[in-house]
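Student: Handing you this structure, nothing more for now.
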Amino acid sequence: MTTSTKEHMKNQEQHEMVITTTEMHTGGEPVRIIESGYPVPQGKTILDKIEYLRKNFDHYRKFVILEPHGHFDMYAVLFVPPDDPEADVATIFLHNEGYSTMCGHACISLGRYIVDKGLVQRPITYPETQVNIQVPCGLVKTFVSVQSGDYLKTGPVRFESVPSFAVATDVDIHVEGHGSVTVDVAYGGAFYAFVTVSDLGLDFGTSSIFEINRAATAVTAAAKKAVRLSHPDTPAFLYGTVVVDSRDRPPSTVSTNVCIFADSETDRSPCGSGTSARIALMYHRGHLSLGQSHTFRSGVTGSEFQGRPLKEARVDDKQAVITEIQGQGYYTGRSVLSLEQNDKLGRGFLVR
Ligand SMILES: O=C(O)[C@H]1NCC[C@@H]1O
């Protein structure tokens, strides 16, 4: 154990845990931005920092995410020192199971927050200010709408994601309770399986989110066994399943996503990284061309992102595409999360 870890643990024995946050949401999905009270992770790279936190301070994640301070579907962001010289800031993402590699909905809220807080390392420009956010899967370039006036007014944010690509299409898998189901798998900063809602015997209009969540969780478990994942720079694991309205047909004017990720968390937004992965699949199938914008709607809240394939790229020998996703985050408040020393439940629990 390092000296700073020991010192920190000694501190925790003597004092209550107190963490301050700003609360935002993008498309209904929470973005709990941690501002103070969290240990600063050691490590050279952002992935080393995640490992350090996972090993030494995972109880902080549970404190911030789980009940009674959070809930099953809570999502949080921790700023860490960047190691990419192009980055204005670097962030790690926390959810109910651990730490994710990418988060589009959080980058949309963060773009505003970083400009509003003066954390951007370059001059503010109008009508957009660029903010580079280093995240575990790479550098995400965000472009924040800014209006001048008596005070800065930030608004919608678009971001250019890391290269996204189709991994496998039309894979037949056996899904517990649903039989043989055809899925696609794609990467948009994280790996997702894609399944059509009708293939699960469900419907966005009439099925409950509970039913969709349970079926998607079973798809993730089956797809994990069926598809081999690899990435040269990011940990390769199946993060979740996006249940969609159509998979192998050209999209209608608006496409619907329900993303179930980590430990069966339900994304309230259309899911930024899932949308990037879906755009890569649509581009791969010739359903979207470069520059062609499309609307992606959350099947949970009805919130929308605009997305498009911007330019081609490569990841090793795979053809990939840089995507652009646009949405808006909103402030919902600030919190001071505290823990009294003899409060065992206050450290985090879940009721399901
Ligand atoms: O928008 C996204 O990319 C994220 N939303 C929750 C799951 C993903 O990390």
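Student: Need one value: the accessible area of residue 199 in square angstrom, 1.4 angstrom probe, rounded to the nearest 10.
Tutor: Spelled out: residue 199, probe radius 1.4 Å, area about 70 Å².
Student: Next question. In the chain, what percent of the accessible surface is made up of carbon and sulfur (1.4 Å probe, ligands and nucleic acids excluded)? Walk me through the numbers before you get to the answer.
Tutor: On the way: 7230 of 14970 Å².
Looking at the chain in its full context, I get 48 percent from C and S.
Student: If you don't mind, there's one more thing I want to ask. Counting only heavy atoms of protein chains, what accessible area per residue, in Å², does the chain have with a probe of 1.4 Å?
Tutor: Numbers: 14970 Å² over 352 residues.
So the chain comes to 43 Å² accessible per residue, rounded to a whole number.
Student: State which entries of 62/141; 49/311; 55/344; 225/311; 117/141; 141/311 exceed 22 angstrom in Cα-Cα distance in the structure shown.
Tutor: Numbers: 62/141 29 Å; 49/311 31 Å; 55/344 20 Å; 225/311 32 Å; 117/141 18 Å; 141/311 14 Å.
Among 62/141; 49/311; 55/344; 225/311; 117/141; 141/311, the Cα-Cα distance tops 22 Å for 62/141; 49/311; 225/311.
Student: Same structure, new question: Do any cysteines in the chain lack another Cys Cβ under 4.7 Å, and if so which?
Tutor: 103, 107, 137
Student: Here's a follow-up. Would you be so kind as to identify which of 226, 236, 165 lies farthest towards the positive end of the dipole of region 146-238, taking Lys and Arg as +1 and Asp and Glu as -1 on Cβ and the Cα centre as origin?
Tutor: 236
Student: Any chance you could give the angle, 0 to 90 degrees and rounded to 10, that helix 46-56 forms with the longest Cα principal axis of the chain?
Tutor: That helix lies at roughly 60 degrees to the long axis.
Student: Note the angle between two axes, namely the Cα long axis of helix 272-284 and the longest principal axis of the Cα atoms of the chain, as a number of degrees from 0 to 90, rounded to the nearest 10.
Tutor: Compared with the principal axis, the helix lies near 30 degrees.
Student: Another question, if that's okay. With no solvent and one equal point scatterer placed on each C-alpha of region 20-117, evaluate the Debye formula and give log10 I(q)/I(0) for q = 0.10, 0.15, 0.22 Å⁻¹, two decimals.
Tutor: Once normalised to I(0) and log-transformed, intensities are -0.24, -0.56, -1.25.
Student: Compute, for region 260-314, the length of the dipole vector about the Cα centre, with Cβ point charges of +1 (Lys, Arg) and -1 (Asp, Glu) only. Units Debye, rounded to 20. Each step should come with its number before you reach the end.
Tutor: Values: 7 positive and 5 negative charges, 62 e Å.
My answer is approximately 300 debye.
Student: To the nearest 0.05, what FRET efficiency results for residue 285 and residue 306 with a Förster distance of 22 Å applied to their C-beta separation? Walk me through the numbers on the way to the answer.
Tutor: Details: r = 20 Å, r/R0 = 0.89.
Approximately 0.65, to the nearest 0.05.
Student: Right, here's the next one. Can you tell me the orientation of helix 104-116 relative to the chain, as the angle in degrees between its alpha-carbon axis and the longest Cα principal axis, to the nearest 10?
Tutor: Roughly 40 degrees, rounded to the nearest 10.
Student: Based on DSSP H runs of at least 4 residues, each adding -39500 (n - 2.57), what is the mean residue ellipticity at 222 nm of the chain after dividing by all its residues, to the nearest 500 deg cm²/dmol?
Tutor: Working: 6 runs with 75 residues, N = 352.
Result for the chain: -6500 deg cm²/dmol, rounded to the nearest 500.
Student: Please compute the net charge surrounding residue 158, taking Lys and Arg as +1 and Asp and Glu as -1 over other residues with Cβ under 11 Å from its Cβ. Could the numbers behind the result be given before it?
Tutor: Details: positive: 141, 308; negative: 128, 160, 324.
Here the count lands on -1.
Student: Got a sec? What order do 178, 294, 284 fall in by accessible area at 1.4 Å, biggest, i.e. largest, first? Could you put the intermediate results ahead of the total?
Tutor: On the way: 178 60, 294 15, 284 115 Å².
Highest to lowest solvent-accessible surface, that is 284, 178, 294.
Student: Could I ask something else about it? In 20 Å bins starting at 0, how do the alpha-carbon pair distances of the chain split up by percent?
Tutor: Binned Cα distances yield the sequence 31, 58, 11, 0.
Student: Sorting check: for 65-76, 328-339, which peptide has the highest mean count of neighbouring beta carbons within 10 Å, and how do the rest follow? Don't jump to the answer; show the numbers that get you there.
Tutor: Details: 65-76: 19.8, 328-339: 15.7.
Answer by packing, highest mean first, reads 65-76, 328-339.
Student: Assign unit charges at the C-beta atoms only (+1 for Lys and Arg, -1 for Asp and Glu), then state the dipole size of the chain relative to its Cα centre in Debye, rounded to the nearest 20.
Tutor: 200 debye
The values are calculated or read from the model by the stated rules, or taken from the named source; none is laboratory data. This structure is a prediction, so every number in the text was calculated from the model and none was measured. As a convention, Cβ positions derive from the backbone with ideal geometry for all residues, glycine included, and neighbour counts pool all protein chains shown. Just the protein is used for accessible areas: all its heavy atoms, side chains included, with ligands, DNA and RNA removed. Shrake-Rupley method; radii C 1.70, N 1.55, O 1.52, S 1.80 Å.
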